[in-house]
Amino acid sequence: NKAKVANTSIIDIEHPTKGIITAFCVVFQGTSDLIDIQNDITSISLRDFISSGYINENVIPEVIGKAGSGFLDYYDALKNVKPFSINVSPSSQGNISLFNKIIEEGNKYKHVIITGHSLGGAVAQLCAIDYYKSYA
């Protein structure tokens, strides 16, 4: 499975009552090629989604629910990409996975937005659950 790297950025959002807030944003690309279509199609078959739930770099697996097999394969390949180069903190680049980099950058901001479209939307939901479970 070939997975694409997510796009990331720091954004300012105008909140109606809180003024300008700064957030770390992760955006997963939607279906764009035949490999992505294959992941979409194989997602008709469901399997257990086991959240990594990284706490102090120790893996604490927990079955969260079911998700499409293709979505899980895509997310698993993407979150473990190393070395991951994120475009917001050049001084801390290195041999780190996408998921650990999201946690590292997310810890710097009060607000974290994880989103995507199509295949990227499914992957964003899995990533958001893993991210949340990292702090549960």
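The values are calculated or read from the model by the stated rules, or taken from the named source; none is laboratory data. Just so it is clear, the structure is predicted and the values come from calculations on it, not from any experiment. Please note that ligands, DNA and RNA were not included when accessible areas were found on the heavy atoms of the full protein model with its side chains. Shrake-Rupley method; radii C 1.70, N 1.55, O 1.52, S 1.80 Å.
Across the protein chains, with a 1.4 Å probe defining accessible surface, the residues LYS133, LYS66, LYS101, LYS108 rank LYS66, LYS108, LYS133, LYS101 from largest area downward. Remark: the stretch 45-50, residue by residue, has Karplus-estimated 3J(HN,Hα) of 8, 9, 8, 4, 9, 9 Hz, where x stands for each Gly or Pro and the curve is 6.51 cos²θ - 1.76 cosθ + 1.60 at θ = phi - 60°. Close amide H contacts of PHE49 (hydrogens built in the peptide plane, cut-off under 5 Å, sequence separation of 5 or more or a different chain): ILE64, GLY65, LYS66, ALA67. Among the listed pairs LYS66/LYS110; LYS79/LYS110; LYS18/LYS101; LYS18/LYS133; LYS101/LYS133, those whose Cα-Cα separation exceeds 18 Å are LYS66/LYS110; LYS79/LYS110; LYS18/LYS101; LYS18/LYS133.
Each residue was assigned an accessible area with a 1.4 Å probe, and for GLU14 the value is about 150 Å².
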